[in-house]
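Scroll down for the structure; my scribbles are underneath it.
Every read-out reported here was derived from the displayed coordinates using simple, explicitly stated rules and does not represent laboratory data. Remember, predicted model here, so these are calculated numbers, not experimental data. All Cβ positions, glycine included, derive from the backbone under ideal geometry; neighbour counts span all protein chains shown.
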Amino acid sequence: MIYKKGLYLKFPPEIVDKPIVYRLVKEYDLIFNILKATITPGKEGIMIMELEGTPEKVKRGLEYLREMRVEVRPLEQQIIKNEDICIHCGSCTVVCPTGALYVDRESFNVLFDSQKCTACEFCVAVCITKAMEVHIEGRTEKTL
């Protein structure tokens, strides 16, 4: 059985230059998909990723991350389009890598398919009216 888990990882400054994700692949036989990352040498690093493998391998990989002092939280966020403030300018459609945001050719309205959304937050960054919102564990944030 294959298990896929969305994760929010926070790396302490002293380990951002270590091959931690590489070890998840080589030593724990896991597949990863980085959805978003901000890693700067000498500073705290943040990564949003999907980790995939058998439940036992994912468990061991998460234990390894915690041993390395990486803060690990489940990715429990989603993107919501606030229809009340969206002006349908289309800026978000240009940056959406999955096609979750697109322009309806008949109405010229921006439509959002939440099933295609990976919560990469590119749309949140470019939305001039802040109609694209991040929802995390019961709270709403305009930006992270």
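Structure notes:
- Here the calculated FRET efficiency for LYS116 and THR38, from their Cβ-Cβ distance with R0 = 25 Å, stands at 0.60, rounded to the nearest 0.05.
- Residues in the range 71-93 reached by a label modelled at ILE136 [backbone nitrogen below 16 Å; 7 Å Cα→Cβ]: 71-80
- Under 5 Å from the amide H of LEU101 lie the amide H atoms of ASP113, each residue being 5 or more positions distant or on a separate chain, with H modelled from the backbone and absent for Pro and chain starts.
- Estimated vicinal HN-Hα couplings, Hz - the range 29-46 in sequence order (Karplus 6.51, -1.76, 1.60; Gly, Pro = x): 6, 10, 9, 10, 9, 7, 8, 7, 8, 10, 10, 10, x, x, 10, 4, x, 10
- Label-point separation in nm, ILE87 to PHE108, each point 7 Å along Cα→Cβ: 1.4 nm
- Option label - Cα Rg over 2.2 N^0.38 Å computed here, alternatives (i) 1.19; (ii) 0.95; (iii) 1.05: (i)
- By the Stokes-Einstein formula, at 1.002 mPa s and 20 °C, the range 12-89 with its Kirkwood radius over alpha-carbon pairs has D equal to 149 µm²/s.
- The chain: angle of helix 55-67 to the longest principal axis, Cα-based, in degrees nearest 10: 80 degrees
- Among the listed pairs LYS4/LYS26; LYS18/LYS57; LYS43/LYS116; LYS10/LYS59; LYS59/LYS116; LYS4/LYS130, a Cα-Cα separation exceeding 25 Å is found for LYS43/LYS116; LYS59/LYS116; LYS4/LYS130.
- Under 5 Å, built H, 5+ apart or other chain: amide partners of LYS36: ILE48
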